[in-house]
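Enquirer: Just dropping this structure here.
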Amino acid sequence: MKLDKQSLEQHNEKLAAKHRRALTYVAEDIAHAEDVISKLERFQIAIPSWALGTGGTRFGRFSGKGEPGSLEQKIEDVGLLHALNRSSGAISLHIPWDIPQDAAKIKTLAASYGLVFDAVNSNTFQDQPGQAHSYKFGSLHHVDPNVRRQAVAHNIEVINHGVALGSKALTVWLADGSSFPGQLNFREAFQNTLESLKEIYAHLPEDWKLFVEYKAFEPFFYSTTIGDWGQSLLLANKLGPQAYTLVDLGHHLPNANIEQIVSLLLMEGKLGGFHFNDSKYADDDLTAGSIKPYQLFLIFNELVEGMDARGLDHATGLGWMIDASHNLKDPLVDLLQSVEAIKIAYAQALLVDRVALKEAQRNNDVVRAQEILQHAFRTDVRPLVAEARLRQGAALDPVGLFRALDMRAKLIDERGSASVATGL
Ligand code: AFD
Ligand code: MN
Ligand code: MN
């Protein structure tokens, strides 16, 4: 299903006057409003293929109907998102859930929607039918070299699929860990992981990056072999210049200061990419910005400051991706909301008066420092984000248009209610 141009234009016309008023009002007090808008225009956030269907919990899965039943349909869904917001111009695939039968054809299809392929993801947290060795006790860290070899071979296969599609990064997230004290020798588990990753790293094309994702707990509950940013950074440093740490917002212990982690990883030149989501308790995978929007802003504040300090381009310097799961909302609407929340936080961070903040820090002026940050956070930047969308040919209100055109009903008509996406 494609978004038709006429409906989009009518929608924008209807909202144009109100949007102009709001934009004029906010832009009046922002000297570099044009610069902010053009940065927002370029900022793209990749969509994970596994977030397009209804996610489950360990208690059940309530299918949302009309889910994309094939890789082609997943691309179609991301194409729809991108047509609505012009901010989701990339898709991240998970192998083997998304193995392309004909890579050239899939690449052409994606290009017809203006999409490219973001990082490819390997899966050694599930057993696949016919697989020789089980991942029940882990993969790259496993005590049995045969299991490790199989997991390494899978990652190399994922790189090859990515090369065929034009991806430039491999994301490795391991479920490897233990649930009981004594189950694992920590040092051996870490060393096995390092050796396995070295073999994978050796197969990376020159212009590729390897993202090492960490997670504090789950599916195991006593230890995770890559459990925090220190362990991931250790691995990335030992592997070499193409290896980086990937921060998934949901993968920390409660109340972790993620913005500080981000700042230091950037300082070390080892922050590779992001998985955005939000959470209250653990890896809840909720809509970005739905629970802790101030934290999201503070993270972007560090990102903007740190990327500028290193001369990194905001749009391309890091891998930006959503990693969420939706079991209540329509996944497409949820993804639109996440992208919007991310762009709002980014826009707010662009408004922080860096010179004044530096000055306040130098003078230990705590009150002023808080004022500066909260002034930016409390500015309603939504008209700036909407203006960036409008200039890119997207909808002023993507969720509103999705609703007005009854897009889910149309997808159900096309695909049927029983269509289920691959994934967890
Ligand atoms: C996991 C991790 C990782 C992985 C994904 C799979 O966040 O990014 O690829 O979910 O569903 O929790
Ligand atoms: Mn993730
Ligand atoms: Mn996760």
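The values are calculated or read from the model by the stated rules, or taken from the named source; none is laboratory data. Source: prediction; values computed, not measured. Virtual Cβ from ideal backbone geometry, glycine too; neighbours counted across all protein chains shown.
Enquirer: I need every pair where a residue in region 237-259 that is within 11 Å of ligand 3 (Cβ to nearest atom) has its Cβ under 7 Å from the Cβ of a residue that is of a type in the set (Lys, Arg) and part of a loop (DSSP other than H, G, I, E, B), sequence separation at least 6 or different chains.
Expert: Listed pairs, sorted by first residue: ASP248/LYS215; HIS251/LYS215.
Enquirer: On the basis of being within 16 Å of ligand 2 (Cβ to nearest atom), over 18 Å from ILE47 (Cα atoms) and surrounded by fewer than 19 Cβ atoms within 10 Å (Cβ to Cβ), does ALA282 make the cut? Before the answer, list the steps.
Expert: On the way: within 16 Å of ligand 2 (Cβ to nearest atom): yes; over 18 Å from ILE47 (Cα atoms): yes; surrounded by fewer than 19 Cβ atoms within 10 Å (Cβ to Cβ): yes.
Yes, satisfied.
Enquirer: Here's something else I'd like to know. Given the options ALA189, ALA202, name the one that is surrounded by fewer than 19 Cβ atoms within 10 Å (Cβ to Cβ) and of a type in the set (Gly, Ala, Ser).
Expert: Only one candidate passes the filter, namely ALA202.
Enquirer: Moving on to the next point. Just to be sure I understand the filter: pairs with C-beta atoms under 6 Å, separated by 6 or more residues or on different chains, first member in region 200-217 and within 20 Å of PHE117 (Cβ to Cβ) and modelled with pLDDT of 95 or more, second member in a loop (DSSP other than H, G, I, E, B) and away from ligand 1 (no atom under 11 Å from the Cβ). Which pairs pass?
Expert: LEU204/GLN242; TRP208/LYS168; LYS209/GLN242; LEU210/LEU204; LEU210/GLN242
Enquirer: Given the criteria more than 24 Å from GLY53 (Cβ to Cβ) and away from ligand 1 (no atom under 16 Å from the Cβ), does ASP144 qualify? Reasoning before the result, please.
Expert: Values: more than 24 Å from GLY53 (Cβ to Cβ): yes; away from ligand 1 (no atom under 16 Å from the Cβ): yes.
So ASP144 passes the test.
Enquirer: Within region 76-99, count every residue that is of a type in the set (S, T, N, Q) and touching a His at 6+ places or on another chain (Cβ under 9 Å).
Expert: From region 76-99, those of a type in the set (S, T, N, Q) are 85, 87-88, 92; that's our starting set.
Imposing the further condition that a residue be touching a His at 6+ places or on another chain (Cβ under 9 Å) reduces the set to 88.
Selection size over region 76-99: 1.
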